[in-house]
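*Asks:* One structure follows; several queries about it will come next.
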Amino acid sequence: MVEQLLLEVVADGFTVYCCGPRTAPTALAASYEWPDYVDQLTIRSCERVAAARVPKLGRVDVFAPEVVVWAYEGPAEHTVRALLNLVHPQHPDAPIEIYPAPRTLLLPRHEQRPMTIRLPSASRIGARGARLASW
């Protein structure tokens, strides 16, 4: 189930970061950019997963966000599903209150390298925005 959900993250147009060696990554991360936010996913293990919506208050470091408007931590299946179901940032029920980012989103530089980045295909850029805009 987790593998299928991760495929949905890719299909939604997230950029995916494989941190560490490709055959044995230390972490996986994914981000989706909105005009004013970044949706972020950080996976350390199947039990150590965090997701968040990070407001763009200047430069956003997706590996060390300082504040969020929404965060969820827990097992992979629940966390990835919560991120995929998070409403569009312009939805009336979208979270907007800023609070400190959970430390589980932090990926120190030494754990990021080497890094392989997979950008969304041209056909998937904006897929999340289009999917969530139909509220």
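No value in this document is a laboratory result; all are computed from the given coordinates. Treat the numbers as computed from the prediction; the structure is a model and nothing was measured. Note that each Cβ is placed from the backbone with ideal geometry, even for glycine, and that neighbours are counted across all protein chains shown.
*Asks:* Rounded to whole Hz and in sequence order, give me ³J(HN,Hα) for the range 60-71 from the Karplus expression 6.51 cos²θ - 1.76 cosθ + 1.60, θ = phi - 60°, writing x for Gly and Pro.
*Replies:* 10, 9, 5, 9, 7, x, 8, 9, 9, 10, 7, 8
*Asks:* Counting alpha carbon pairs within less than 8 Å and at least 6 residues apart, what relative contact order, in whole percent, applies to the range 2-132?
*Replies:* Result for the range 2-132 is 31 percent.
*Asks:* Each residue of the range 10-26 in turn: what ³J(HN,Hα) in whole Hz from Karplus with 6.51, -1.76, 1.60 and θ = phi - 60°, glycine and Pro shown as x?
*Replies:* 4, 5, 6, x, 6, 7, 10, 10, 9, 9, x, x, 4, 7, 8, x, 7
*Asks:* Let me check I've understood the local charge: for Gly126, count other residues with C-beta under 12 angstrom from its C-beta, Lys and Arg +1, Asp and Glu -1. What total comes out?
*Replies:* Once positives and negatives cancel, what remains is +1.
*Asks:* In deg cm²/dmol, rounded to 500, what helix-only [θ] at 222 nm does the chain give when every DSSP H run of at least 4 residues adds -39500 (n - 2.57) and the total is split over its residues?
*Replies:* Helix contribution divided over all residues of the chain: -6000 deg cm²/dmol.
*Asks:* Non-local amide H neighbours of Val67 (under 5 Å, H modeled in plane, Pro and chain starts lacking H): which ones?
*Replies:* Distant-sequence amide H within range of Val67: Ala101.
*Asks:* If the chain between Asp93 and Val67 were fully stretched, how many nm would it gain, using 0.36 nm times the residue separation less the Cα-Cα distance?
*Replies:* Here the segment from Asp93 to Val67 would lengthen by 7.4 nm.
*Asks:* Arrange Met1, Met115 by Cβ neighbour counts within 10 Å, fewest through most, would you?
*Replies:* In increasing order of surrounding Cβ atoms, one gets Met1, Met115.
*Asks:* What is the sum of charges around Pro100, taking Lys and Arg as +1, Asp and Glu as -1, for the other residues whose C-beta is under 15 Å from the C-beta of Pro100?
*Replies:* -2
*Asks:* Let me ask something additional. When the convex hull of the C-alpha atoms of the range 56-135 is computed, what volume per residue in Å³ does it have?
*Replies:* Hull volume over Cα atoms, normalised by residue count, gives 140 Å³.
*Asks:* Give or take rounding to whole Å, what are the principal axis extents of the alpha carbon atoms in the chain, in descending order?
*Replies:* That gives 41, 32, 27 Å along the principal axes, largest extent first.
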